[in-house]
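Below is one structure, written out as structure tokens, with a few remarks after it.
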Amino acid sequence: MAEAVAGTERLVLVVGPAGTGKATALGTAARSLAAEGRPALGLAPSGKAADVLVAETGWPATTLAKLLSDAGRPGYRPPPAGTTVVLDEAGMAATDDLDALVGLLDRHRWRLVCVGDPAQLPAVGRGGMFELWCERVGAHTLEEVRRFDETWQAEASLALRRGKRSAAAAYAAHGRLDAVHSALLPERVARFHRLRTRAGRSLATTTASAGMARDVNLAIQHSHNPGRVGPSVPLADGSAAFAGDRVATRLRRRHRPAAERHHRRGRAAGLAHPGSRRRATGSAGATVGGAATAPTSSRASATARGQFGRRGR
């Protein structure tokens, strides 16, 4: 993998389940590129992930959203031709964002390395393009899980990734699984969230549906504001964000008037722009809200057909 990342092909795809050594391989590739004096730029779906990428590789790194935003502004100074652009957690990149990134790659003559796992968390918006690329173009695959000291954990993590029921049995046998009826789940998560936040800790929650995410967010909101009183703005799913709620947005428009701009992550204070249809997340991180759809990107699809590059055999 490291040799491919530090190679010269214009498109390199790397698939690796959690714990298979992607970070180690990227670090090795970074040293090879640096030794040859070749520039590289890291991209990630979030600022925190970008910081991790910097620590692992030493590359300058930013979020994909920020790169696309900066590239559309006057005076943008792109990295030089031949730059290796490494997109980590590529499976979380939305199709439209990948389409825009491919446009930049063609324009500035960069090469692209996508690293991720199609079986892990998908894009919040329309996605699936990374998986399609892997199927159509071919990918380098890391298969040995090295993160865990106990063999059962490595085996269970791979079984969970494949959706096998044996994974649930393994985690239950080792006391790592707690079951609750779906009707009681939102209140259970809200109660746990309340205990964690009071202790100064955070909680990340993943749900299998937007409906459950909405129910969890409403339960958390109710635990902090039982009467749901105070200034509020409606959200696309029929719920509302109240002053004091912790929210996160999918899309940041930094150049909108401050009174109309929701913070990417923070407390809702002076709420305005009641017609906003932005997707927000509750304190637990479960997504709520609606999103518009658009036609499939022709440029990203062309990339999947191998017109941008193909992995060497």
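List of remarks:
- Residue in the range 196-206 that is closer than 30 Å to Pro17 by Cα, surrounded by 11 or more Cβ atoms within 10 Å (Cβ to Cβ) and among the hydrophobic types (A, V, I, L, M, F, W, C) present: yes
- Within the range 158-183, being of a type in the set (Ser, Thr, Tyr) and either closer than 19 Å to Arg147 by Cβ or assigned to a helix (DSSP H, G or I) (or both) holds for Ser166, Tyr171.
Results for (1) modelled with pLDDT of 90 or more; (2) not aliphatic (A, V, I, L, M), shown as yes or no for each residue.
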position: Arg191; (1), (2): yes, yes
position: Ala199; (1), (2): yes, no
position: Ser209; (1), (2): no, yes
position: Arg253; (1), (2): no, yes
position: Ala268; (1), (2): no, no
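- Just so you know, in the range 1-56 the residues that are among the β-branched types (Val, Ile, Thr) and more than 23 Å from the chain's Cα centre (by Cα) include one that is farthest from Arg107 (Cα to Cα), and it is Thr28.
- Residue check, Val52 closer than 18 Å to Pro118 by Cβ and in contact with a helix residue (DSSP H, G or I) (Cβ under 9 Å, 6 or more places away or on another chain): no
- Sole exception among (1) surrounded by 14 or more Cβ atoms within 10 Å (Cβ to Cβ); (2) free of Cβ contacts under 8 Å to residues at least 12 places away in the same chain for His222, by number: (2)
- Boolean, Val124 is assigned to a strand (DSSP E or B), surrounded by fewer than 24 Cβ atoms within 10 Å (Cβ to Cβ) and in contact (Cβ under 8 Å) with a residue 12 or more places away in the chain: no
- The combined condition, being more than 20 Å from Met129 (Cα to Cα), among the acidic types (Asp, Glu) and crowded, with 17+ Cβ neighbours inside 10 Å, is fulfilled by Glu56.
- Considering Gly238, Gly211, the condition of being surrounded by fewer than 20 Cβ atoms within 10 Å (Cβ to Cβ) and part of a loop (DSSP other than H, G, I, E, B) is satisfied by Gly238 alone.
- Hey, Thr24 surrounded by fewer than 17 Cβ atoms within 10 Å (Cβ to Cβ) and under 17 Å from Asp117 (Cα atoms) or not: yes
- Scanning the range 168-204 for residues that are over 25 Å from the mean Cα position of the chain (by Cα) and on the phi > 0 side of the Ramachandran plot yields a single hit, Gly175.
- Matching option when the condition is part of a loop (DSSP other than H, G, I, E, B), in contact with a helix residue (DSSP H, G or I) (Cβ under 9 Å, 6 or more places away or on another chain) and either without any contact (Cβ under 8 Å) to a residue 12 or more places away in the chain or of a type outside the set (Val, Ile, Thr) (or both), among Glu131, Glu187, Glu144: Glu144
The values are calculated or read from the model by the stated rules, or taken from the named source; none is laboratory data. Nothing here was measured: the structure is a model prediction, and the numbers come from that model. Cβ: placed from backbone, ideal geometry, glycine included. Neighbour counts: every protein chain shown.
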